[in-house]
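The structure under discussion appears below in the form of structure tokens.
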4 protein chains.
Amino acid sequence: MANAVENIIKTIYENYLPMEGAGKVADYIPPLAKVSPHKYAISVCTVEGEKFNIGDYTEKFSIQSISKVLTFSLLAPLVGEELWQSVGKEPSGSPFNSLVQLEYEKGIPRNPFINAGALVITDKLLEKVPNLNERLLLYVRELAGSADIDFNKEVADSEYATGERNKALAHLMKSFGNFNGKVSHVFRTYCNHCSIEMNTAQLAQSFLFLANGGINPLNGERVVSTRDTKRINALMLTCGLYDESGDFAYKVGMPGKSGVGGGIVAVIPGRLSIAVWSPELNRYGNSTRGIATLADFTTELGISVF
Amino acid sequence: MANAVENIIKTIYENYLPMEGAGKVADYIPPLAKVSPHKYAISVCTVEGEKFNIGDYTEKFSIQSISKVLTFSLLAPLVGEELWQSVGKEPSGSPFNSLVQLEYEKGIPRNPFINAGALVITDKLLEKVPNLNERLLLYVRELAGSADIDFNKEVADSEYATGERNKALAHLMKSFGNFNGKVSHVFRTYCNHCSIEMNTAQLAQSFLFLANGGINPLNGERVVSTRDTKRINALMLTCGLYDESGDFAYKVGMPGKSGVGGGIVAVIPGRLSIAVWSPELNRYGNSTRGIATLADFTTELGISVF
Amino acid sequence: MANAVENIIKTIYENYLPMEGAGKVADYIPPLAKVSPHKYAISVCTVEGEKFNIGDYTEKFSIQSISKVLTFSLLAPLVGEELWQSVGKEPSGSPFNSLVQLEYEKGIPRNPFINAGALVITDKLLEKVPNLNERLLLYVRELAGSADIDFNKEVADSEYATGERNKALAHLMKSFGNFNGKVSHVFRTYCNHCSIEMNTAQLAQSFLFLANGGINPLNGERVVSTRDTKRINALMLTCGLYDESGDFAYKVGMPGKSGVGGGIVAVIPGRLSIAVWSPELNRYGNSTRGIATLADFTTELGISVF
Amino acid sequence: MANAVENIIKTIYENYLPMEGAGKVADYIPPLAKVSPHKYAISVCTVEGEKFNIGDYTEKFSIQSISKVLTFSLLAPLVGEELWQSVGKEPSGSPFNSLVQLEYEKGIPRNPFINAGALVITDKLLEKVPNLNERLLLYVRELAGSADIDFNKEVADSEYATGERNKALAHLMKSFGNFNGKVSHVFRTYCNHCSIEMNTAQLAQSFLFLANGGINPLNGERVVSTRDTKRINALMLTCGLYDESGDFAYKVGMPGKSGVGGGIVAVIPGRLSIAVWSPELNRYGNSTRGIATLADFTTELGISVF
């Protein structure tokens, strides 16, 4: 498969490199707004240990909502089935930050990959994990096999300062008894996690355990159980791309997660992980070129879940 | 794989046969309420032509919402991408018959497998297909390889007489300009389609084309394009089990579709289709024993999308 | 007061006669769209029997939603407090035909003056009153002291043909068990009632009983109880002008009811009734010139509820 | 009228004194939960300067949401019509603290007497009035003609500590750009205002300006304009009793405002103000005995808006 993958990503990269103006760089906080729209990188890691990179794959970007999968994976082994009384497992079926559904469902977010759900995950992590910020960084560095991964304080500060809707979500959940910590502390921590910066090579590597039955191929250590690996992949397939998840499932056919920094990471269970970065977003908040890249990738490779 | 499948379904069947009181038989219309809760059948068809059946697999039941996949498949080749201006491709994220979302989204149903979406599909079929009821029966009979498939007039009558919420959905869509036919006519046709009766052997066979790249293995004829096959499977995975689709994706990991008659049908692309029937439903309207059966099936077989 | 009233309406009429382009004539059905936007009429009736008219007061127009007060008044003496289990008494607080609230509140409309509520009233009237259409016409003619009042079949037909949202409301209520009749029959009857045509002189006279403690001043007969008179006036004040009721309460300070035909009728309890007609509507569906007229009327007269 | 009023409140008081168990004392914060359910007081002030008191009228209670009218009155003369771009004038038509409507209407609360609306008023007051807390106390003391009025720190602290839903409302409005201050500061100030304690004699006196065309009868000074007096009374009539405003309008027919401390205050424009206190609340959060008292009062007095 190695040659095939290499050729495919090279062709796709060259094909889409001229693509421009296919969306709008996120501008709700200044540090994201100043990223060049021209950036484009693809990285693939296979469970056999092969790596393929092309484009701006050494340049780091803000992973944003992609961090939700990592924090959930960190929490999963520390909690039991009772977690699912605090957060659902179903697609959200509406814009990713709507309060209506949260109120209708008594403060229980639909799934851990929408903002409200990730806030609940952070709340629970803070109860279980001492020095959470440091712990998460170590966790991600180990998954990525790279010590050069950190938070971006400017991004986190900016996110915190403007995150009124997320604070509203947290207070609403607290009013329903589904939130234990202090909102400002939990949300600040959540902003740190969203501000993690990686390049596509690091990102693809850090998600490879989800293509590998829950085991980090770099050190052979189990990250999450087989059961939770399947669960996370199912959640990514049904909820990973905001209100475009259904379309992504069909077009791409891989479990994946996007962030407003323009990154998308996806896996083919048993095979590989792939990360793409291109900052221009479509109206759903997903990277336009990223989706095109991944759609072509599974089409050319002839592998898809469906 | 043949022996494996045979042994697995035999073991599962014996294991769950004593299961009772695990839910509630649908009782919103009298003809469904009188079905025995003890019925239990499993049928598997492989793309290689093998068939495995156990239990009440010769007894027919009301396929109900499972018909939504068949009517969508009948329509798909007759329309182009413009269809997606009238119906979405995203999970619904709320009880399967809520009007709130439909109003919020200006009369465009989230996907073709919720009631509102299937009504739009029926509306469009009536415009494209002369003698639709006869045509659909022929279509299903050909897929199932059996002439012994028909509507149940008593069920259709009862559904029509009590379907106030569905009529509300249709009129609401019409008020938004997303419905062309006469509501009573379209809804009556929709009720006919839901009233189709099959046994699990017929049902598994009739869905095998979705595991076979869109081609009916019985006659080698293309039913839907490869593209639409992937689309239908993606839709089933993300939207096929009402508000339990996310959980089903994780536990079972197969694209599938359920009906309130207690049937569930699912496929493993490239491999097989499987139909289960057991009328007791959980609180989401899905067969309790059916889900348990399918979860064990993929676990034992060691094959899943994730 | 007689001279004062006469002078005031004359001054207001002359002041606002040149007002044009202050809104948009209702155009959702053709018969309403063809009405001249220039029409303008004011009529006042006092409980002492005085009458003042100016402008196009001999020309009839479609009273539309104003009929909701008349049908409710016809029903009130025929039912007891149990009516309030089927319809609420509270302002609706959202656009007048939203289904969201109706679903949230289990098919119980907020009040009898929104479309859903009036459909429930019509449903109940059909159960209680034989030959309802004829009876209502007689009732209105007696209140207005004029035999020259009738339905407009063209308007009713057009309303019926396009009233998809109203049919959706009715079916939704029926799905919740809050609707007994056949939707098509009840809605057709409702359309007849909305299509009643009167001129402002007839309209002001027909509402005078609400300024007179529930007694028709023309014949001394009780129309509704004192209790129901207060109830109807309270409902008009809090719910009579769609989503502009609060603003109308402050600016005008009279219980009143509007229709999309451009009519508004209002009362000062113990004193008088006043009807205005001017077809250009503001964004809430209320007559722009009608509201201006009534605001000036109470300001000049120095009488208001507040 | 003096003797009439005196006799009427005496009769009502004796009639309802034995009433018990007619509701539930507010218990969402401890300081309110410990108030005796047996308390009962009525006070009336006429514009001519007469005063009538009966029962526990010297005992102070938490006025809670009644303070919303006082803070609005303090703000009204300081702002122009631009205020109505930040807060509506229409009834809310749903439970008094729902976020759904606030999200649907882009962060603009329906009116100043629901929690979200009052938070906007406090936000604006803090921008306009230096030393707001002190200023408000002076304002209320002057209206009440009593220096013995203060905040209750324990109540304010408790309200602040548990007010998650109110914080969610504030952050949501801030996310829509309809909130300028720091949420914690504005909400803390709001809690102070809600914690004001008065007895019924003080409360009735402090609202008398709304029955007196906006002028404080104690010193002849104008408090709000005639225009704003009418506006406040209209708002109280349509929105003053949460989701029971419509029923109160009909049964009582006076503009009024309730609080969960069990107080209700109401006015008859041109005549009098009346305050009642009885802590047992009905399911809408209004004093059960308070409403019964006021309904009998207007019935016996024969004066009502309708």
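Coordinate-derived values only; no laboratory data. Keep in mind that this is a model prediction, so the values were computed, not measured. Here the Cβ is made from the backbone with ideal geometry for all residues, glycine too, and neighbour counts use every protein chain on show.
Going by alpha carbons, how many degrees (0 to 90, nearest 10) lie between the helix axis of D:164-175 and the longest principal axis of chain D?
With rounding to tens, the tilt is 50 degrees.
Please give the charge dipole size of region B:94-185, origin at the Cα centre, charges +1 on K and R Cβ atoms and -1 on D and E Cβ atoms. Round to the nearest 20 debye.
380 debye
Out of region A:20-107, which trypsin sites (Lys or Arg not before Pro) are coil in DSSP terms and have no more than 12 other C-beta atoms within 10 Å?
Counting only loop positions with at most 12 other Cβ atoms within 10 Å, the trypsin sites (Lys or Arg not before Pro) in region A:20-107 are A:Lys34, A:Lys106.
Tell me the net charge near B:Glu164. Cut-off is 12 Å between Cβ atoms, B:Glu164 excluded, with +1 for each Lys or Arg and -1 for each Asp or Glu.
+4
Of C:Val155, C:Thr122, C:Leu143, whose Cα points farthest to the positive end of the dipole of region C:90-178 (charges on the beta-carbon: +1 Lys, Arg; -1 Asp, Glu; origin at the Cα centre)?
Projecting each Cα onto the dipole axis, the largest value belongs to C:Thr122.
Loop-only check: which trypsin sites (Lys or Arg not before Pro) in region A:164-202 are DSSP coil with at most 15 other Cβ within 10 angstrom?
A:Lys182
Output needed: percent of Cα pairs per 10 Å distance bin for the protein assembly as shown, bins running from 0 to the one holding the longest distance.
2, 9, 16, 18, 18, 16, 12, 7, 2, 0, 0
Using only atoms on other chains, find how many Cβ atoms lie within 10 Å of each Cβ of peptide A:106-117 and report the average.
Mean shielding count: 1.
Partner chain Cβ atoms within 10 Å, averaged over the residues of D:246-256 - can you pull that number for me?
Average per residue, whole number: 6.
Assign unit charges at the C-beta atoms only (+1 for Lys and Arg, -1 for Asp and Glu), then state the dipole size of region A:2-301 relative to its Cα centre in Debye, rounded to the nearest 20.
Approximately 600 debye in magnitude.
Is any residue of region D:129-159 close enough, with backbone N under 14 Å, to a label point placed 7 angstrom from the Cα of D:Glu221 along the Cα-Cβ axis, and if so, which?
So the set is D:135-147.
Between the helical axis of C:115-128 and the dominant principal axis of chain C, each derived from Cα atoms, what acute angle in degrees is found, rounded to the nearest 10?
Rounded to the nearest ten degrees, it is 70.
Average partner chain C-beta neighbours within 10 Å, per residue of C:166-179?
Mean partner-chain Cβ count within 10 Å for C:166-179: 5.
Per DSSP H run of n ≥ 4, the term is -39500 (n - 2.57); total these for the protein assembly as shown, divide by its residue number, and report the mean residue ellipticity at 222 nm rounded to 500 deg cm²/dmol.
That calculation yields -13500 deg cm²/dmol at 222 nm.
How large are Rg and Dmax for region C:1-54 when calculated on the C-alpha trace, in angstrom?
Final numbers for Rg and Dmax: 14.7, 42 Å.
Strictly greater than 25 Å: what percent of every Cα pair in region C:2-301 meets that?
The share of Cα pairs beyond 25 Å in region C:2-301 comes to 43 percent.
How far is helix C:288-301 tilted, in degrees, relative to the longest principal axis of the Cα atoms in chain C, given as a value from 0 to 90 rounded to the nearest 10?
Once rounded, one gets 60 degrees.
List the aspartates and glutamates whose Cα lies under 19 Å from the Cα of A:Lys60, skipping any in the same chain that are fewer than 8 positions away.
Correct list for A:Lys60: A:Asp27, A:Glu142, A:Asp148, A:Asp150, A:Glu154, A:Asp157, A:Glu159, A:Glu197, A:Glu280.
Could you tally the net charge around A:Tyr13, taking each other residue with its Cβ under 14 Å from the Cβ of A:Tyr13, Lys/Arg +1 and Asp/Glu -1?
-2
Using a label position 7 Å from Cα in the Cα→Cβ direction, what is the ascending list of nm distances from B:Glu20 to the same site in the other copies?
5.4, 7.3, 8.3
Name the residue farthest towards the positive end of the dipole of region A:2-301 from the options A:Gly285, A:Gly21, A:Thr200, assuming +1 on Cβ of Lys and Arg, -1 on Cβ of Asp and Glu, about the Cα centre.
So the residue furthest toward the plus end is A:Gly285.
Give me the net charge for the shell around C:Arg188: Cβ to Cβ below 10 angstrom, other residues only, Lys and Arg +1, Asp and Glu -1.
Taking every Cβ under 10 Å from that of C:Arg188, the sum is -1.
Quote the Stokes-Einstein diffusion coefficient, in whole µm² s⁻¹, for region C:186-229, based on the Kirkwood radius over alpha carbon pairs, a temperature of 4 °C and a viscosity of 1.567 mPa s.
After rounding, the answer is 110 µm²/s.
Measuring from centroid to centroid over Cα atoms, what is the spacing of region A:186-239 and region C:231-306 in Å?
62 Å
Based on the alpha carbon coordinates of region A:188-295, what radius of gyration and maximum Cα-Cα distance (Dmax) apply, in Å?
For region A:188-295, the Cα radius of gyration and maximum Cα-Cα distance read 13.5, 40 Å.
Which loop GluC sites (Glu not before Pro) in region C:164-230, with loop taken from DSSP, have no more than 12 other Cβ atoms within 10 angstrom of their Cβ?
Here the sparse-neighbourhood loop sites are C:Glu221.
What dipole magnitude, in Debye to the nearest 20, does region A:128-276 give about its Cα centre under +1 on Lys/Arg Cβ and -1 on Asp/Glu Cβ?
Using only the charged Cβ atoms, the result is roughly 580 debye.
What is region B:127-254's relative contact order, in percent, from Cα pairs under 8 angstrom and six or more apart in sequence?
24 percent
In 5 Å bins starting at 0, how do the alpha-carbon pair distances of region C:221-282 split up by percent?
4, 18, 26, 27, 14, 8, 3, 0
Which semi-axes, in whole Å and largest first, does the equivalent ellipsoid of region B:139-201 have when worked out from the alpha carbon gyration tensor as the square roots of 5 times its eigenvalues?
27, 14, 8
Considering only the label points, 7 Å along Cα→Cβ from Cα, what distances in nm to one decimal separate C:Glu81 from the same position in each other copy, shortest first?
4.5, 4.9, 6.3
What percent does the relative contact order of chain C come to when contacts are Cα pairs within less than 8 Å and at least six residues apart?
For chain C, the relative contact order is 28 percent.
I'd like the per residue volume of the convex hull spanned by the Cα atoms of region D:203-250, given in cubic angstrom.
72 Å³
Taking the label point as lying 7 angstrom from Cα along the Cα-to-Cβ axis, what are the distances from D:Ser36 to the corresponding position in the remaining copies, in ascending order and in nanometres?
The projected label point of D:Ser36 is separated from its counterparts by 6.9, 7.3, 7.8 nm.
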